[in-house]
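Everything on this sheet refers to the single structure shown next.
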Amino acid sequence: MKAIVLSSGGVDSTTCLAVAVDKHGADNVISLSVYYGQKHNKELEAARAVADYYKVRHIEFDLKPIFEDSNCSLLMQNDTEIPKESYAEQLNKSEGEPVSTYVPFRNGLFLSVAASIAISNGCKEIYYGAHADDSAGNAYPDCSDEFTKAMWKAINLGSGCGLTIKAPFVNHNKAEVVKRGLELNVPYELTWSCYEGGDKPCGKCGTCIDRQKAFEANGVKDPGIL
């Protein structure tokens, strides 16, 4: 069976890629990365390096025009500083709204693109690395279990019941994602999580903080920290 994996070059999607390769073999896995107008290319470079490591076919797709009206702080057209605090701290100020780094319906679009490419390439599964920490408190609503189930149903119906979504971590936290990745010897040194595009991770944005805590919870040093 063939599968396609949404790959951002980060911890979660790279672990998903490892799971897919472990199950299906590299020859039956496609890695898909999406450019959406983000302020740097570090994550795309990481996704290429990860795909090369696993020797899987890698596809890149450009969705930048769709997000040109968005005021998300991750995007090139926005000069707002990316928050340097945990997601919990950000949510305390958001009054129930998603955090400022939420790209509007990004994962819905990514999954739709993946579905079309998957069908054209004979894939039966889409792997998607959402996890419970990202959806907590409505920080990223398109990472929730409810959202994933709804997209699973839509994609399954829209593909003539020939395609399904695999979200192995949607009900697990990031520490559990890293635990599984360590079991699979995931090359986390190749991954990039930071929202900034510097020479090394800032260590202060929400995703850097979550990543650090996940490795600490597993009692190991993050190999991605230079």
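Here, each number is a calculation from the coordinates, and none is a lab measurement. Everything numeric here is computed off the predicted structure, so don't read it as measured data. Here the Cβ positions follow ideal geometry from the backbone for every residue, glycine too, while neighbour counts run over all protein chains shown.
Just want the ordering: 17, 182, 75, from fewest to most Cβ atoms lying within 10 Å of their own Cβ.
Taking fewest neighbouring Cβ atoms as first place, the list is 182, 75, 17.
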Seminar exercise, completed: Summed over the other residues with a beta carbon less than 14 angstrom from that of residue 223, with K and R at +1 and D and E at -1, the charge totals 0
Exercise. Got a sec? How would 209, 117, 4, 30 order by Cβ neighbour count within 10 Å, fewest to most?
Worked result: 117, 209, 30, 4
Problem set entry | Loop-located trypsin sites (Lys or Arg not before Pro) in the stretch 1-105, at most 11 other Cβ atoms within 10 Å (DSSP) | 55
Seminar exercise, completed: Dividing the helical contributions, -39500 (n - 2.57) per DSSP H run of n ≥ 4, by the residues of the chain yields a 222 nm value, nearest 500 deg cm²/dmol, of -12000 deg cm²/dmol
Seminar exercise, completed: Counting Lys and Arg as +1 and Asp and Glu as -1 over every other residue whose Cβ sits under 11 Å from the Cβ of residue 29, the net charge comes to +1
Seminar exercise, completed: Note on the chain: contact order normalised by length, alpha-carbon pairs under 8 Å, 6 or more apart, percent, works out to 24 percent
Seminar exercise, completed: Net charge (Lys, Arg +1; Asp, Glu -1) of residues whose beta-carbon lies under 12 Å from that of residue 40, residue 40 excluded, is -2
Seminar exercise, completed: For the stretch 2-89, listing GluC sites (Glu not before Pro) in a DSSP loop whose Cβ sees at most 15 other Cβ atoms within 10 Å gives 68, 81, 85
Seminar exercise, completed: Exposure-ranked with fewest Cβ neighbours within 10 Å first, 80, 14, 207 stand as 80, 207, 14
For this session: Report the antiparallel proportion of the DSSP beta bridges in the chain as a percent, rounded to a multiple of 5.
Result: 5 percent
Exercise. Taking the alpha carbon gyration tensor of the stretch 134-200, what are the square roots of 5 times its eigenvalues, largest first, to the nearest whole Å?
Worked result: 27, 16, 13
